[in-house]
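**Student:** One structure coming up, written as structure tokens, with questions to follow.
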Amino acid sequence: MGLSTKAVKKSPWVFHVNTGACNNCDIEIVDLLTPRFDVERFGIKLVGSPRHADALLVTGGVTAQAAPRLREVYRQTPKPCVVFAIGACACGKGIFTTGYHMVGPVDKIIREIDPDAIIAYVPGCPPKPEAIISGVVKALAAI
Amino acid sequence: MNQQQLNTRISEIRDKLTAIEQKPDNRIWLSCESENAYAVNKFLFEEVPLRFVIATVIDSDDYFEVLYHYAYDEIGCMVTLKALIRDRENPAIESIAPFLPGAEWIEREMHDLMGIEFRNHPDMRRLILSDDWPVGVYPLRKDAKKPAERPDGEPSRRPTVQSQSPARRTVQLSKPVLPVGPFHPLQEEMELFQLAVDGEIVTDIDMRISYNHRGMEKIAETLQFDQVPFLVSRICGICSASHPLAYVQAVEEFAGITPPDRALYVRTIINELERIHSHILWVGLAGHFIGYDTVFMWAWKYREPVLDLLEEITGNRNNYGNVRIGGCREDIPDELKPKIIAEMDKIEKKMVMLTKAVLDDPVLHVRLKGIGILKKEDAINYCVTGPTARASGVDIDVRRDEPYAAYGVLNWNVITQPEGDVFAKAVVRLLETLEAIKIVKEALVKLPKGPVAIEVKQIPAGEGCGHAEAPRGETFHYVRSDGGNRPVRHKMRAPSYVNVPSFKASCLGGNIADVTITLASVDPCYSCTERLAVVKDRGGKVLHDYETLLKLSREKTEKIRKEIL
């Protein structure tokens, strides 16, 4: 395990990217920071810039307008980084699969610019906060 | 005015209409040709006067129909004006935005999605489709091709129609431009406003939205009536009880379905639990914006038991999927009643404490009073709803004006405040939370016995409007059926769609340090608005980013605190 991988796994700082989600996964992510789940005690911190982040928490099925911004955010994130596709939409466009404005899902957009990206999936509509924590733990154990 | 007087008033403009129909009693359907639409709309909005709700455009093979939906809140009556555009090749109609700012966005949206031209619109730039969407492709038309079969049109970053009017409102990029957003560290959604600033004072504001547009209205046309509630509950995760309810009420209205009493009570309880958790969520975020992170943490802690209750009743913390045409899917088990009441008592105590703490805090008084004022006439012109309207002294609440579910038989009060500033909005939400707790408790005590749903065999042809009071304001759904098993047109309007444009009225002339809390004060929900905003650096120098803005806001609070204490 290289130094940079170790740095990602210890106290991962995360950046939250909404690409056209319904707000549900997003409030559950914010919920993680508040007293009941309080992931900051594990050193997981929501940061204000992708340049500070070890992981991206991506929600939503990626709309046509959000796709270029998602790519840009991914480019700005220092590598290695883990992309978490959170929720049914991020994993596979969910109920919006047939929408004319949807170009996702998240893995398709990210793989267009980086075929080797590390992508973890947390399904659910919305996934419960416990599920998100479990997903993060499993993904970090796997890399 | 009562219903009779309203009918008489509307019939004054009979000569410009081709038909007046009334079904059921509190729904009036007017028809006219497109040339007369401007005059009739002006009459309805300014003379009667009615509150503009939204407009819908329908592609009916030979012609386009533009439906203008209005509400008369005093008696809970909805008036819909249908304007027929017979020229399919070059569909055009006179814009009503010059006298009705609340219609500006919807006309831009109808132009994007259906290709209707609105003559004399002040700012006909692209609103809802992405920058690279091909020109001349209108996704909501019945003959629209799927993206895969579509020829690649010329992608355009420019507006598809140049505005004719000199009063075009765009932020002058030669001035210093301050982008707010797009990614907030703690706001759940992307959002961005371009603020033109002169020193510390905001002089203009522009919004670009589209980022969250998922094309739900088209998706709804591919789903069966019974599947649509699952789609519309995902318009917004925080209003996921009120959207399906408004849709279901629209269908029940024209299908003549009356759900059993118990279902009405269950709907009320779930909607009020949603309001409680949504308002507490807002209080927390508002606290964060002005540097009261303790409030943020405590408020979100108080919110958790409400989510637990919702999970126990419906099986999910959000996206309840409980309401269906003809009733509810899940019942509230009787053994759960004491638990819900006990939790409500606990939350009530905490909320009373929190409300007192906010109302008694001298720092908050100075920090939030007189900030981001939305005047009553602006509130009416921008057609805002919900707590945003009620904090500006506009006394409207769908739950009281057109009682649905069990609201008509329960005792509760509509909270209004005259000031229109951020403080008033906070007060309205805090007091409304206490009212919601009262409603839940009373509804649980009165919960009648019986089934929660009736069997629905068929949805007949027809059209209906349904609205419900979501935590952020009125959600409105219009459904048209041709007797098949799918809606032919389904229009959804969420409260933020009308509340967000009111920033133009409330932010201008304000201080930069007050912008975050003013923007947050309407509890904007961009997924509700079906779109988000991002700004690209077009040569305008970026002066502050979000972090600096948040810092400015917090420093101002801190300064006030030192001065006072």
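**Student:** For the protein assembly as shown, just say rounded, prolate or oblate: build the C-alpha gyration tensor, square-root its eigenvalues into a ≥ b ≥ c, call rounded for a/c under 1.5, and beyond that prolate if a/b exceeds b/c, oblate if not. Mind showing how you got there, number by number?
**Tutor:** Working: a/c = 1.32, a/b = 1.18, b/c = 1.12.
The shape class here is rounded.
**Student:** Given the pairs A:Lys45/B:Lys301; B:Lys301/B:Lys339; B:Lys349/B:Lys449; B:Lys504/B:Lys551; A:Lys45/B:Lys441; A:Lys128/B:Lys551, which span a C-alpha to C-alpha distance of over 27 angstrom in this model? Let's see the in-between values first.
**Tutor:** Working: A:Lys45/B:Lys301 18 Å; B:Lys301/B:Lys339 18 Å; B:Lys349/B:Lys449 30 Å; B:Lys504/B:Lys551 23 Å; A:Lys45/B:Lys441 38 Å; A:Lys128/B:Lys551 32 Å.
Long pairs (Cα-Cα over 27 Å): B:Lys349/B:Lys449; A:Lys45/B:Lys441; A:Lys128/B:Lys551.
**Student:** What whole number of Å gives the distance from the Cα centroid of segment B:324-385 to the Cα centroid of segment A:71-116?
**Tutor:** Taking the Cα centre of segment B:324-385 as reference, the centre of segment A:71-116 is 36 Å away.
**Student:** Need the full-extension length gain, B:Glu200 to B:Met1, defined as separation in residues times 0.36 nm minus the C-alpha distance. One decimal, nm.
**Tutor:** Details: separation 199, 0.36 × 199 = 71.64 nm, distance 4.63 nm.
Length difference between fully extended and current span is 67.0 nm.
**Student:** Could you compute the net charge surrounding B:Thr80? Neighbours are other residues with a C-beta less than 14 Å from the C-beta of B:Thr80; K and R count +1, D and E count -1. Numbers along the way, then the final one.
**Tutor:** On the way: positive: B:Lys23, B:Arg27, B:Arg51, B:Lys82, B:Arg480, B:Arg489, B:Lys491, B:Arg493; negative: B:Glu21, B:Glu65, B:Glu253, B:Glu463.
Surrounding charge for B:Thr80 is +4.
**Student:** Can I ask one more? List the residues, sorted by chain then number, that are 5 or more residues from B:Val57 or on another chain and whose placed amide H is less than 5 Å from its amide H.
**Tutor:** B:Leu67
**Student:** Using a Förster distance of 56 Å, how high is the FRET efficiency between B:Lys349 and B:Ser11, based on the Cβ-Cβ distance and rounded to 0.05? Walk me through the numbers before you get to the answer.
**Tutor:** Numbers: r = 54 Å, r/R0 = 0.96.
Result of the calculation: an efficiency of 0.55.
**Student:** For segment B:36-88 and segment B:445-459, write down the distance between their C-alpha centroids in whole Å.
**Tutor:** 34 Å
**Student:** Let me ask another. Once you order the gyration tensor axes a ≥ b ≥ c over the Cα atoms, which shape class does segment B:279-409 get: rounded for a/c under 1.5, otherwise prolate or oblate by comparing a/b with b/c?
**Tutor:** Details: a/c = 2.31, a/b = 1.30, b/c = 1.78.
Oblate, since a/c reaches 1.5 and b/c is not below a/b.
**Student:** Follow-up. Among the DSSP beta bridges whose two residues both lie in segment B:3-169, what percent are antiparallel, rounded to the nearest 5?
**Tutor:** Details: 23 of 33 bridges.
Among the beta bridges of segment B:3-169, antiparallel pairing accounts for roughly 70 percent.
**Student:** Kirkwood hydrodynamic radius, segment A:1-98, all distinct C-alpha pairs: what's the number in Å?
**Tutor:** Values: mean 1/r = 0.0715 Å⁻¹.
Result for segment A:1-98 stands at 14.0 Å.
**Student:** Okay, next question. Have a look at A:Ala88, A:Ala55, A:Ala64 and tell me which one the Gaussian network model of chain A (Cα, springs below 10 Å) gives the largest fluctuation.
**Tutor:** Taking springs between Cα atoms under 10 Å, the residue moving most is A:Ala64.
**Student:** Evaluate E = 1/(1 + (r/R0)^6) for B:Glu46 and B:Asp361, where r is the Cβ-Cβ distance and R0 equals 25 Å; express this FRET efficiency to the nearest 0.05. All intermediate terms of the calculation are to be shown ahead of the outcome.
**Tutor:** Working: r = 42 Å, r/R0 = 1.67.
Once rounded, the FRET efficiency stands at 0.05.
**Student:** If amide H atoms are built 1.01 Å from N in the plane of the peptide, which residues on other chains or at least 5 residues away come under 5 Å of the amide H of B:Val79?
**Tutor:** B:Ile28, B:Tyr70, B:Ala71, B:Tyr72
**Student:** Extending each Cα 7 Å along its Cβ direction at B:Phe99 and B:Lys376, get the distance between those two points in nm, one decimal.
**Tutor:** 2.2 nm
**Student:** Calculated from DSSP H runs of 4 or more alone, at -39500 (n - 2.57) each and per residue, what is the 222 nm mean residue ellipticity of the protein assembly as shown, nearest 500? Provide the component values of the computation, followed by the final result.
**Tutor:** On the way: 24 runs with 261 residues, N = 708.
Estimated from H runs of four or more residues: -11000 deg cm²/dmol.
**Student:** If you take the C-alpha gyration tensor of segment B:1-107, multiply each eigenvalue by 5 and take the square root, what semi-axes do you get, largest first, in whole Å?
**Tutor:** Working: eigenvalues 101, 46, 30 Å².
Taking √(5λ) for each eigenvalue gives 22, 15, 12 Å, largest first.
**Student:** If you don't mind, another one. So which GluC sites (Glu not before Pro) in segment A:27-121 are both in a DSSP loop and have at most 14 other Cβ atoms within 10 Å of their Cβ? Please list the in-between numbers first.
**Tutor:** Working: sites: A:Glu28, A:Glu40, A:Glu72, A:Glu112; in loops: none.
Nothing satisfies the criteria.
**Student:** Could you tell me the center-to-center distance, by alpha carbons, between segment B:219-286 and segment A:3-38 in angstrom?
**Tutor:** Comparing the Cα centres of segment B:219-286 and segment A:3-38, I get a distance of 28 Å.
**Student:** Which whole-Hz ³J(HN,Hα) couplings does segment B:332-347 yield from phi under the Karplus relation 6.51 cos²θ - 1.76 cosθ + 1.60, θ = phi - 60°, glycine and proline marked x?
**Tutor:** 8, x, 4, 5, 7, 3, x, 5, 5, 4, 4, 5, 4, 4, 4, 5
**Student:** Right, something else. Just to verify a number: FRET efficiency for A:Ser11 and B:Glu558, C-beta to C-beta distance, R0 = 30 Å, to 0.05?
**Tutor:** On the way: r = 29 Å, r/R0 = 0.96.
Computed FRET efficiency for A:Ser11 and B:Glu558 comes out at 0.55.
**Student:** Out of A:Gly43, A:Gly94, A:Gly20, any idea which swings most in a Gaussian network model of chain A, alpha carbons joined below 10 Å?
**Tutor:** Among A:Gly43, A:Gly94, A:Gly20, the largest GNM mean-square fluctuation belongs to A:Gly43.
**Student:** Ok, one more. Whose amide H sits under 5 Å from the amide H of B:Asn319, counting only residues 5 or more places off or on another chain, with H placed in the peptide plane?
**Tutor:** Correct list: B:Ser240.
**Student:** Now a separate question. Would you mind computing Rg(Cα) / (2.2 N^0.38 Å) for chain B, counting N as its residues? The partial results should precede the final answer.
**Tutor:** Numbers: Rg = 23.2 Å, N = 565, 2.2 N^0.38 = 24.4 Å.
Rg over 2.2 N^0.38 Å, computed on Cα atoms: 0.95.
**Student:** Moving to a separate point now. I want to verify a result. In a Gaussian network model of chain A, Cα cutoff 10 Å, which of these has the top mean-square fluctuation: A:Gly87, A:Gly60, A:Gly99?
**Tutor:** Comparing A:Gly87, A:Gly60, A:Gly99 in a Gaussian network model of chain A, the most mobile one is A:Gly99.
Where a number appears in this text, it was derived from the coordinates with a stated rule and is not lab data. These numbers were taken from a predicted model, which means no experiment stands behind them. In this analysis, Cβ positions are derived from the backbone assuming ideal geometry, glycine residues included, and neighbour counts consider all displayed protein chains.
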